[in-house]
Structure formats: structure tokens, C-alpha cells
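The values are calculated or read from the model by the stated rules, or taken from the named source; none is laboratory data. Computed from a predicted model, the values in this text were never measured in an experiment. FYI the Cβ positions are ideal-geometry reconstructions off the backbone, even for glycines, and counts take in every protein chain you see.
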Amino acid sequence: MRLRLGRPELSRHASKFTVPAVSAESPLTVTWMGVSTLLLDDGASAVLTDGYFSRPGLARVGLGKVAPSAPRVDGCLARAGIRHLQAVLPVHTHFDHALDSALVADRTGALLVGGRSAAAIGRGHGLAEDRIVIAAEAPVVAGSYELTLIASAHCPPDRFPGPITEPVTVPSRASAYRCGEAWSVLVRHTPTGRRLLIQGSAGYRPGALTGHHAEVAYLGIGQLGVLPESYLREYWEHTVRAVGARMVIGIHWDDFFRPLSKPLRALPFAVDDLDTSMRVLQGLADADGVALLLPTVWRREDPWA
């Protein structure tokens, strides 16, 4: 099969970048900063998934070693107005999620919340033990939020599978950042009762989310475009339908080798096809009467509005 060159044009999906912006009445805001990095902020407390800001280039990832870029991390934290966080939660521990998590936790005074693999990264990066929380499937209270981590799976293929069993020091090869525990993250904002699902990777475990509820789902869609349509249907069934979400916002479709200082672009056709993903997902959304949108990077949004 001949390799397809190029990448999808985001202009084809311009009508999807319409998640409502925050207003003076918004009690909770969500800001997307590429891949699966999401900031939840109610003005009193804030939590962050991943915090992946360094975004090293493809050559470095493939041929060299990776490490957090403190200038990029600090610049992104400043741009997002992040000074203090209650928790940083990597949705799994591949480098494009967890490379910067410990540094962001250190910079913001946050707890690093995750599984044993996330803890190994935190220890390797010198994060104090009392700042590391190994979560089970019970809510972790972090400021105004209850964070429930449900064991999930990575989207196939998982190029660096398995747990991280020893502290990861920097710099390290990207392959040192194995997947570890992959999570479906359920967030409940206790002052308002608002709930959302963050599915950072397009993987699932059948039945894992049964009995849980979320009005909004931030759905990882990277790599879906090169998988059989049957997989997308099963994925939707065990995430969106399982929690009864009425608003779905696609994440993890952007080229994570490109720095956030440049305009985002979709992953290339060689590894994904955003056009195909959106076509199939839109059909599922239409059938269920669900809104399917894409987030705008750096914009504070209110998907419940």
C-alpha cells in the first residue's frame, strides 16, 4: 500500500471550532493546550491533565533523548495564566503526555496524580514523595474537584507498551516513557455538580465506564482515522454513550512534534486521518443527538454553556 503524503487541512473543519467561550457567568472554564493537556479552572482552584508543553521535534524524539524544556514550560504556564495548581494528572505516561508533568507539578505546587508509572517519572525528575499520589479507582479530592481514575487502554497501536518500573531520569530516550497505566478521567466539579470525561487516548475497556455519568466528554481521537470503522463505533459506545455525554470535544489530533508557539496542524496522513475520524464520529453524533466540536487552543471555553 502506497504511503499517503501530506496531512488534513484544518480549514475543512472550521465550523467545528465553536465550543462556547467563557462568559462572566461561567462557573468553570476549560482551556485546551494541545494533545490532551486541559486546564480546569473555577477561579478558586485548578487542575491540569498532562501539562505537555516542551513538544520536542520528531528528529530528537526518534534519534536522540528528550527532556523537559524549562523555557517552553514556563512560557506556556505564563501564557495560560497558571500560577498554582491543585493537581497534575497524566492520562498515561508516554512522553507526549507525561514528559513535563513532574516539572509542571513542581512549578505550580501541585500533586502529581496517577499510577505507579507516573510516580516513577515523578521520582526520576526529583519530585518530593509527598507530592506524588498513586490513585486507585476512588475519587481524589483536589481543590474544587473530585478526580476519579478508571483503568482504560491505549489506542492501538501502543508503540511503547508496558509499565515504568524504575525512576525515569532526564534526558532519556522517548521509549523510556512507556504507556504505564492508561486512564479514563472522570471529573466532578463539586460546587456546581458539573461532570466531564477526559479520554486522553482513543482506547477503551468495554464496560469500564458503566454507571458513570458526564455531560461533556473530551475525547482523544488521534490515530482513529487509520483504524477500522468498527473500532470507532465500539470506542464511541464504551465512552460517549457509556457516560451519556451530550457534548463531545475531540482532542489529541494535533501534531505534537510542533511547538505551541506555531499554529497547530493535524497529524499527517501517515499516522492518522482526521477527515475520516470526523466523518465517522459525526455520523455517530448525529444518530445520538450529540454535539461534536473541536477546541480552540489557548481559549478559555465553557462547554456547558
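Just wondering, is there one or more residues in region 244-251 that are farther than 23 Å from Gly115 by Cβ, surrounded by fewer than 18 Cβ atoms within 10 Å (Cβ to Cβ) and either more than 17 Å from the chain's Cα centre (by Cα) or at pLDDT below 95 (or both)?
Checked against the condition, which is being farther than 23 Å from Gly115 by Cβ, surrounded by fewer than 18 Cβ atoms within 10 Å (Cβ to Cβ) and either more than 17 Å from the chain's Cα centre (by Cα) or at pLDDT below 95 (or both), region 244-251 yields at least one hit.
Find the residue count for region 255-265, including only residues that are touching a Lys or Arg at 6+ places or on another chain (Cβ under 7 Å) and either modelled with pLDDT under 95 or among the charged types (D, E, K, R) (or both).
Total meeting the criteria: 3.
Checking the condition at pLDDT 95 or above and within 17 Å of Ser101 (Cβ to Cβ), which residue from Ser69, Ser45, Ser11, Ser26 passes?
Ser69
Only one of (1) in contact (Cβ under 8 Å) with a residue 24 or more places away in the chain; (2) closer than 22 Å to Pro68 by Cβ; (3) of a type in the set (Gly, Ala, Ser); (4) surrounded by fewer than 21 Cβ atoms within 10 Å (Cβ to Cβ) fails for Ala182. Which number is that?
(4)
So, in region 151-164, exactly how many residues are closer than 20 Å to Leu111 by Cα and either out of contact with any strand residue (DSSP E or B) (no Cβ under 8 Å at 6 or more places or on another chain) or crowded, with 16+ Cβ neighbours inside 10 Å (or both)?
1
For the subset of region 67-84 comprising residues that are in contact (Cβ under 8 Å) with a residue 40 or more places away in the chain and among the hydrophobic types (A, V, I, L, M, F, W, C), which member is nearest to Pro157 (Cα to Cα)?
For region 67-84, the residue satisfying everything is Ala67.
Can you name the residue in region 1-33 that is of a type in the set (A, V, I, L, M, F, W, C) and assigned to a strand (DSSP E or B) and, of all such residues, is farthest from Thr192 (Cα to Cα)?
Trp32
Being within 19 Å of the chain's Cα centre (by Cα) and modelled with pLDDT of 95 or more narrows it down to one of Leu99, Leu127, so name that one.
Working: Leu127 fails: within 19 Å of the chain's Cα centre (by Cα).
Result: Leu99 is the single residue among Leu99, Leu127 that is within 19 Å of the chain's Cα centre (by Cα) and modelled with pLDDT of 95 or more.
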